[in-house]
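Trainee: After the structure tokens below, expect a handful of questions from me.
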Amino acid sequence: MSRPNTGSGPDPWRVPIIVAQIPDTGLHRKLEASAAERQAMAEIAGVREIPSAHADFDVVPKSGGRVQVTGTIRARVGQTCVVTLDPIESEIEEGVDLMFAPEAEVRRLADLIEEGRDNDDPPEVADPPEAIVNGIIDLGRLATDALFLAIDPYPRKEGVVFEAEVTALDPEDHPFAALKALQDSKKKQ
């Protein structure tokens, strides 16, 4: 998943999970971003503020070194209405269901997908799983990415509609006005 304006800075909300330490029964994590993490996320996302950000994740190991992460991200985001420029708050609730796999398998699946595209055959897998990097899945980054993707880039205050200023066109001001004038002058002759 890509994020806006990330540059090369560190992830603002980090909650790494070591894949080798996930029990066979899986684990459940409830996360809450600190004030500093929320401020950093707001700066990266280009919003006024993020007063709250929570995530609930279930992390379940699957066969072949894969790990499935499911859960929900909930946040309140302070933005500015694009019509009235008034401050507004949006409630976000975004579901997550991702499969993670070792980097080598992700590369192999990506190559298979690319081969399928080259051969005009439908790909074996629609999208490759996310990569497990250095044996770690970062739930904070996952929550941040899902939150950023759910933020409305053009928020509007409830009930506000943008109405463009309509000006009446001069009936004599159109592309064929000169032709009409020429035609009218010939009729008078």
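Trainee: Please tell me if Gln39 is under 29 Å from Pro155 (Cβ atoms) and either among the polar types (S, T, N, Q) or in a loop (DSSP other than H, G, I, E, B) (or both).
Mentor: Yes; evaluated as a whole, the condition is true for this residue.
Trainee: Looking only at the stretch 57-78, which residues are more than 18 Å from the chain's Cα centre (by Cα) and part of a strand (DSSP E or B)?
Mentor: Phe57, Asp58, Val59, Val60, Pro61, Val67, Gln68
Trainee: Which ones in the stretch 44-63 are touching a Lys or Arg at 6+ places or on another chain (Cβ under 6 Å), of a type outside the set (Phe, Trp, Tyr) and buried (at least 18 other Cβ atoms within 10 Å of the Cβ)?
Mentor: Within the stretch 44-63, Ile50, Ala53 qualify.
Trainee: Still on this structure, please answer the following. Would you pick out the residues in the stretch 8-28 that are in contact (Cβ under 8 Å) with a residue 60 or more places away in the chain and surrounded by 10 or more Cβ atoms within 10 Å (Cβ to Cβ)?
Mentor: Selection gives Asp11, Pro12, Trp13, Arg14, Val15, Pro16, Ile17, Ile18, Val19.
Trainee: Please work out if Pro23 is modelled with pLDDT of 95 or more, touching an Asp or Glu at 6+ places or on another chain (Cβ under 7 Å) and not polar (S, T, N, Q).
Mentor: Considered against the rule, which asks whether it is modelled with pLDDT of 95 or more, touching an Asp or Glu at 6+ places or on another chain (Cβ under 7 Å) and not polar (S, T, N, Q), Pro23 comes out as no.
Trainee: Listed residues Pro61, Pro102, Pro87, Pro153; which is in contact with a Gly (Cβ under 8 Å, 6 or more places away or on another chain), closer than 30 Å to Gly46 by Cα and modelled with pLDDT of 90 or more?
Mentor: None of the others qualify; the one that does is Pro87.
Each row is one residue, and each column tells you yes or no for (1) out of contact with any strand residue (DSSP E or B) (no Cβ under 8 Å at 6 or more places or on another chain); (2) modelled with pLDDT under 85; (3) part of a strand (DSSP E or B).
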site	(1), (2), (3)
Pro51	no, no, yes
Leu109	no, yes, no
Pro122	yes, yes, no
Ala131	no, no, yes
Gly140	no, no, no
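Trainee: Just name the residue that is surrounded by the fewest Cβ atoms within 10 Å (Cβ to Cβ) out of those in the stretch 90-104 that are more than 17 Å from Phe148 (Cβ to Cβ) and touching a residue at least 24 places away in the same chain (Cβ under 8 Å).
Mentor: Applying the filter and picking the extreme gives Asp97.
Trainee: Does Phe148 meet the test of being surrounded by 13 or more Cβ atoms within 10 Å (Cβ to Cβ), under 30 Å from Val77 (Cβ atoms) and either touching a helix residue (DSSP H, G or I) at 6+ places or on another chain (Cβ under 8 Å) or at pLDDT below 90 (or both)?
Mentor: In short, yes.
The values are calculated or read from the model by the stated rules, or taken from the named source; none is laboratory data. Nothing here was measured: the structure is a model prediction, and the numbers come from that model. Glycine gets a Cβ as well: all are built from the backbone with ideal geometry, and neighbour counts include every protein chain shown.
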